[in-house]
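The values are calculated or read from the model by the stated rules, or taken from the named source; none is laboratory data. Treat the numbers as computed from the prediction; the structure is a model and nothing was measured. As a convention, Cβ positions derive from the backbone with ideal geometry for all residues, glycine included, and neighbour counts pool all protein chains shown. To get the accessible areas, we keep the full protein, side chains included, count just its heavy atoms, and leave off ligands, DNA and RNA. Shrake-Rupley method; radii C 1.70, N 1.55, O 1.52, S 1.80 Å.
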Amino acid sequence: MKTHITLAALALSGASFANLATFDDLSLAPGSYENTASFASDGFGFNNSYDPTFGSWAGFAYSSVQDGTTAGFGNQYAAKPGAAHTGANYGVAFQDSFTPVTPTITVPTDQSLTGLWITNTTYAYYSMHDGDAFAKKFGGATGNDPDWFKVTATGLIGSTITGTADFFLADFRDADNSNDYIVSDWRYFDLTGLGAATSVQFTLSSSDNGAFGMNTPAYFAIDDVSSVPEPASLAIIGFGLVGLARRRSRRA
């Protein structure tokens, strides 16, 4: 009996060759975080810059903090939903205008990033919801101010841009105020449009800016980062499996 394996069938079963960064392969005590070094999770790389003199950082940290209710900078490592999307851990990104580091994910070799789950941090959420000493309440006193807070993902191969994608973490631009929102749950950010990017940079922008740049806290949280094999890699795997199947059928 002959065994037939087609690339179409292989593509349908491609999940077995996919990568998924859940951050749960990283050791953390419950309710803690790590922000002092670059790290890897399930084949993905996450950059970090840490200054031990001031305890400041930029790039990515990872966290198991479960506090979706405490406002302010002291709760900067918490995701607003109060828990990871799945498991116990998740990633936290911070873009610091005074640190020349852009939060960046390095994609596993021969993989294409497909997407990730994203949400606001508790700190950023309540800053936009209520305003604070540095940032305004989104919508203003009347609720009519067309405020917004956005993440832009830029795919790169070296210095060549492969594509960009935007995700609004808050959007008050609609004329109907009932459509205004600040994200407080985990939502999927589709990144398939970035193609075969080997790295992805994340930048934040907001309608609320001042003399020193963006006033909105420049944070967001991510979880369950996923990728699939690039088509060429999938084809190589497929031809290899086809060859293996033929050898086995000859022996039968």
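Laid out as a table, the results:
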read-out: Residues of segment 181-230 classified as open to solvent by less than 30 Å² (accessible area, probe 1.4 Å) and of a type in the set (D, E), total; value: 3
read-out: Segment 176-201 residues that are under 18 Å from D223 (Cα atoms) and at pLDDT 95 or above, paired with ones that are basic (K, R) and open to solvent by less than 70 Å² (accessible area, probe 1.4 Å) (beta carbon under 8 Å, 6 or more apart); value: V183/K80; S184/K80; D185/K80
read-out: When residues of segment 139-155 are limited to those that are in contact with a strand residue (DSSP E or B) (Cβ under 6 Å, 6 or more places away or on another chain) and not small (G, A, S), the one surrounded by the most Cβ atoms within 10 Å (Cβ to Cβ); value: F149
read-out: Which numbered condition K136 misses (of (1) assigned to a strand (DSSP E or B); (2) buried (at least 18 other Cβ atoms within 10 Å of the Cβ); (3) of a type in the set (D, E, K, R)); value: (1)
read-out: Residue list for segment 162-179, filter: out of contact with any Gly (no Cβ under 6 Å at 6 or more places or on another chain) and surrounded by 14 or more Cβ atoms within 10 Å (Cβ to Cβ); value: T164, F167, F168, L169, A170, D171
